[in-house]
Amino acid sequence: MTALETVPPTGLIPAPLSRDLGDAGARPRTVRLGAQTALAAAPGTEDTARWLRSTLGAAFALPLPPGPADAPDTVALALDPALPEEGYRLDADARWGVRVTGGGPAGVFWGAQTLRQLLGPTAFRSAPLDPGYTPGLPEQTVEDAPRFRWRGLMLDVARHFLPKDGVLRYLDLMAAHKLNVLHFHLTDDQGWRLEIRRYPKLTGIGAWRERSKLGHRDSPLWDPRPHGGHYTQDDIREIVAYAAARQITVVPEIDIPGHSQAAIAAYPELGNTDVIDTTSLKVWDTWGVNPNVLAPTDTTLRFYEHVLEEVLELFPSSFVHLGGDECPKDQWRASPAAQARIAALSLDGEDGLQSWFIRHFDRWLTARGRRLIGWDEILEGGLAEGAAVSSWRGYAGGVAAAKAGHDVVMCPEQQVYLDHRQHISADEPVPIGYLRTLEDVYRFEPVPPELTGEQAARILGTQANAWSEAMDSRQRLDYQVFPRLAAFAEVAWSRLPAPAARDYPEFTWRMADHYARLDALGVDYRPPGGPLPWQQRPGILGRPFDGAPPNV
């Protein structure tokens, strides 16, 4: 494989490692797919075959019947262990059709995603525009493999619930961009979204709040409608299976010991009952850092062990995210029970108590063959052995974790929080956070330059986060996430040059093709020229932009 191509441009997002169109002086022949085109699926490629029939079959009214791999006019799927697990080779030749070969099932699937892009934006529609049209692509060879093994998107369904069909839709959008990890933020102060059969009040009470702050937390406006919802365990099984068929791993997040008011509202004994009247707490209706945190008691530990037993049954991912962020220590400082626990365990104050909490569940998960991952605050008081870090407060936490021999997912808020504003214009809907344009995201580099080669190998990959406080609908979610997720996907997948050397104009050239794909998929993205009238939210307060680091 060669370095990232620059000529001729492909229109592919993310950019492949190499693409060969043959003789540059000759016009390549076109490979056509028609009613007679067969689909040959070698063992191990069945999921991709089903996906191709459901997508290309729907878009072009193609039956794609089974057929032998060596016959002409065939789309053939095969495995080749000589390729990287997620790598692929796509060969299109007018004499025999298209061959997609992957190092593993994931590689075949990503190759099929490239095939879909090469067939044009119509391939992203759900029904044919012209039943007589025969799609085609130029003769070519594409070779590709990802830079990172963790290419993630975090969806926050706790602040604003995203119904199951919306989650499935986002899994399809992730797959179209070769992203392979859905970080599923299921619990927070504002809602508990996962059915736990042993503790039915977590969703019976914890999944609903009486009202919601409308806009930034300093806004005087409220949405007076109750808000909530949750996923049944069967919903989760469906989501996980749907993701797996698209080579996506779902990593659940259960927030502890902070961001837990919804759980405490459902089960008051989980809170610091010797400091506050936890029976008076309700599911929180505003945004920010909440002072009501879990009590460091044996009752709390057993409760969350029982919760995690059901989580492990539902999610086969090796990692389980346990939050660990934004845990104010005021209640622990005032709690005789918490102070007694610190003394009994000879802990280093309240930071040590949080570390003890996280270490307990690190050992618990390790004993069951899983791994804990948490936000970079889990570094405070000592990092649990074997734990991985999601570095969100900039690069520093990830750098410290990698130097200490821990695995890291880079997701710094300054670069890849997609809920943050895209422009300083007053027309931007409910703007918060740092200013991060499409170009800013494209120039993000997940591996800090101060790491040695051995330390850099600890960077599992990168992840974009979409917190939903200011995103109360599918339309708002689409607007904030796209098109920046396309730039992020290229950062996560492609072997790009250093940020300053990246060819952003060439990327925007390819994005012109990609916008047509997003249109076909019905994505309500932010147009390059700014929000359309119906995308604006006049009168709903965001955070004024003064160029200073934001208080989101």
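The values are calculated or read from the model by the stated rules, or taken from the named source; none is laboratory data. Nothing here was measured: the structure is a model prediction, and the numbers come from that model. Note that each Cβ is placed from the backbone with ideal geometry, even for glycine, and that neighbours are counted across all protein chains shown.
Structure values in brief
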read-out: Pairs, first in the same structural domain as residue 44 (by TED's automatic domain parsing) and at pLDDT below 95 in the stretch 82-97, second surrounded by 22 or more Cβ atoms within 10 Å (Cβ to Cβ) and among the basic types (Lys, Arg), C-beta under 6 Å, six or more apart; value: none
read-out: Residue count, the stretch 478-511 (criterion: crowded, with 16+ Cβ neighbours inside 10 Å and part of a helix (DSSP H, G or I)); value: 18
read-out: Given (1) buried (at least 22 other Cβ atoms within 10 Å of the Cβ); (2) assigned to a helix (DSSP H, G or I), number of the condition residue 255 does not satisfy; value: (2)
read-out: Residues that are buried (at least 18 other Cβ atoms within 10 Å of the Cβ) and of a type in the set (Val, Ile, Thr), drawn from the stretch 431-442; value: 432, 441
read-out: Qualifying residue in the stretch 532-539 (condition: under 30 Å from residue 56 (Cβ atoms) and either among the β-branched types (Val, Ile, Thr) or at pLDDT 95 or above (or both)); value: no
read-out: Single residue of the stretch 374-399 satisfying the filter (out of contact with any Cys (no Cβ under 8 Å at 6 or more places or on another chain), under 28 Å from residue 485 (Cβ atoms) and small (Gly, Ala, Ser)) that is modelled with the lowest pLDDT; value: 387
read-out: Candidates 101, 45, 134, 74, filtered to the one that is among the β-branched types (Val, Ile, Thr), in contact with a strand residue (DSSP E or B) (Cβ under 9 Å, 6 or more places away or on another chain) and modelled with pLDDT under 95; value: 134
read-out: Which listed residue is more than 30 Å from residue 247 (Cα to Cα) and buried (at least 22 other Cβ atoms within 10 Å of the Cβ), from 334, 343, 295; value: 295
read-out: Count - residues of the stretch 307-319 that are loosely packed, with under 14 Cβ neighbours inside 10 Å and more than 21 Å from residue 387 (Cβ to Cβ); value: 1
read-out: Residues being part of a loop (DSSP other than H, G, I, E, B) and either at pLDDT below 95 or closer than 16 Å to residue 328 by Cβ (or both) - total across the stretch 258-275; value: 5
read-out: Subset of the stretch 348-373 [assigned to a loop (DSSP other than H, G, I, E, B) and modelled with pLDDT under 95]; value: 348
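So that you can scan it fast, the table gives a plain yes or no per residue for (1) buried (at least 21 other Cβ atoms within 10 Å of the Cβ); (2) assigned by TED's automatic domain parsing to the domain that holds residue 255; (3) at negative phi:
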residue	(1), (2), (3)
375	yes, yes, yes
381	no, yes, no
389	yes, yes, yes
394	no, yes, no
414	no, yes, yes
418	yes, yes, yes
422	yes, yes, yes
429	yes, yes, yes
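Residue by residue, here is whether (1) touching a residue at least 40 places away in the same chain (Cβ under 8 Å); (2) not in a loop (DSSP other than H, G, I, E, B) holds:
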position: 381; (1), (2): no, no
position: 399; (1), (2): yes, yes
position: 424; (1), (2): yes, no
position: 430; (1), (2): yes, no
position: 447; (1), (2): no, no
position: 463; (1), (2): yes, yes
position: 469; (1), (2): yes, no
position: 472; (1), (2): yes, no
position: 476; (1), (2): yes, yes
